[in-house]
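The values are calculated or read from the model by the stated rules, or taken from the named source; none is laboratory data. Because the structure is a prediction, the values reported are computed rather than measured. Here the Cβ positions follow ideal geometry from the backbone for every residue, glycine too, while neighbour counts run over all protein chains shown.
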Amino acid sequence: PVRIMDSPTFWHIEGVMFRWLLAMVSSWGWFAGYTVTEWGDDVRPISEDEAMVIVNHQATGDVCTLMMCLQDKGTVVRNMMWLMDHVFKYTNFGLVSLIHGDFFIRQGKAHRDKQLFYLKSHLDKYYNSRDRKWIVLFPEGGFLRKRRETSQSFAKKNDLPYLTHVTLPRLGATQVILKTLGPQQENGTLGTDGSPQGPKDNKGRGLQWVVDVTIAYPNAKPMDIQTWIFGYRPPTVTHVHYR
């Protein structure tokens, strides 16, 4: 009933409870001795601004690490939107993320165009209506160990940088986000592609920042979610850099 009668209040309460859920996941790693050292720019002053957060992707533990890092970043956690692989929809927190408005993307050439269309529709429907601020995605499109060889082969053929610790990003989802949520200019057009905006579309300022997050594990050995939950690995410090 609250969602129907007072939608802003409902999503405020839902956001607070969503933050509690992520804090619970963070606590699993904390009690196992997994901590984080943060470097680079201080992102707390922009916690209330609209931002696209791009993160390198090595293992399922990346998501848990981010959950721990963002707990002290103001209201970021309760007002953020995640883009994650569709397999996470079937995990224990998949239903909660689905209700929260996160987007589950299906990988592969066969699904690419359709998924990008679905992503744009999802952003149009949920980003502003639920007062989302930060949108988090992993532009590499998969885990480092699975994509490194393909990325290096592509780089060699196209005279691009040969990367070892990250892979070349896939730009489809990033471009959709920038075009859909790009900043509003004074003349009523989007700065990203110049497409006109009607009165109904003028809902907020659009994206103000791009935050580049790099996660680095000791000895380049990423942590999966099973290790995070059960504490298989000895206590360790993961480094996270913001730019």
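Overview of results
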| read-out | value |
| --- | --- |
| Search result, residues across segment 200-231 that are at pLDDT below 90, outside any loop (DSSP other than H, G, I, E, B) and buried (at least 16 other Cβ atoms within 10 Å of the Cβ) | Ile225 |
| Any pair with Cβ under 6 angstrom, 6 or more apart, that starts in segment 1-28 at a residue that is over 17 Å from Leu70 (Cα atoms) and ends at one that is surrounded by 15 or more Cβ atoms within 10 Å (Cβ to Cβ) and of a type in the set (A, V, I, L, M, F, W, C) | Val2/Phe10; Arg3/Phe10 |
| Count - residues of segment 72-116 that are under 21 Å from Ser26 (Cβ atoms), surrounded by 16 or more Cβ atoms within 10 Å (Cβ to Cβ) and among the hydrophobic types (A, V, I, L, M, F, W, C) | 9 |
| From Lys89, Lys120, residue being modelled with pLDDT under 90 and either part of a helix (DSSP H, G or I) or of a type in the set (D, E, K, R) (or both) | Lys89 |
| Members of segment 232-243 found to be of a type outside the set (D, E, K, R) and either outside any strand (DSSP E or B) or within 13 Å of Leu66 (Cα to Cα) (or both), listed by number | Tyr232, Pro234, Pro235, Thr238, His239, Val240, His241, Tyr242 |
| Tally of residues being farther than 18 Å from Val237 by Cβ and surrounded by fewer than 21 Cβ atoms within 10 Å (Cβ to Cβ) across segment 28-49 | 8 |
| Unique match (being within 20 Å of Leu171 (Cα to Cα) and free of Cβ contacts under 8 Å to residues at least 40 places away in the same chain) among Phe104, Phe88 | Phe104 |
| Residue selected from segment 163-174 under the condition surrounded by 13 or more Cβ atoms within 10 Å (Cβ to Cβ) and among the polar types (S, T, N, Q), by the criterion modelled with the highest pLDDT | Thr174 |
| Failed condition for Phe18, given (1) more than 24 Å from Pro222 (Cα to Cα); (2) loosely packed, with under 15 Cβ neighbours inside 10 Å | (2) |
| Condition check for Trp82: within 24 Å of Gln208 (Cβ to Cβ) and either over 13 Å from the mean Cα position of the chain (by Cα) or charged (D, E, K, R) (or both) | no |
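Quick grid of which residues meet (1) of a type outside the set (A, V, I, L, M); (2) modelled with pLDDT of 95 or more; (3) within 18 Å of the chain's Cα centre (by Cα):
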| site | (1), (2), (3) |
| --- | --- |
| Arg3 | yes, no, no |
| Trp11 | yes, no, no |
| Arg19 | yes, no, yes |
| Leu22 | no, no, yes |
| Glu48 | yes, no, yes |
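Okay, residues lined up against (1) at pLDDT 90 or above; (2) within 30 Å of Met17 (Cβ to Cβ); (3) touching a helix residue (DSSP H, G or I) at 6+ places or on another chain (Cβ under 7 Å); (4) not in a strand (DSSP E or B):
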position: Leu98; (1), (2), (3), (4): no, yes, yes, yes
position: Ala110; (1), (2), (3), (4): no, no, no, yes
position: Asp124; (1), (2), (3), (4): yes, yes, yes, yes
position: Lys146; (1), (2), (3), (4): no, no, no, yes
position: Glu149; (1), (2), (3), (4): yes, no, no, yes
position: Gln152; (1), (2), (3), (4): yes, no, no, yes
position: Pro161; (1), (2), (3), (4): yes, no, yes, yes
position: Lys179; (1), (2), (3), (4): yes, no, no, yes
position: Asn187; (1), (2), (3), (4): no, no, no, yes
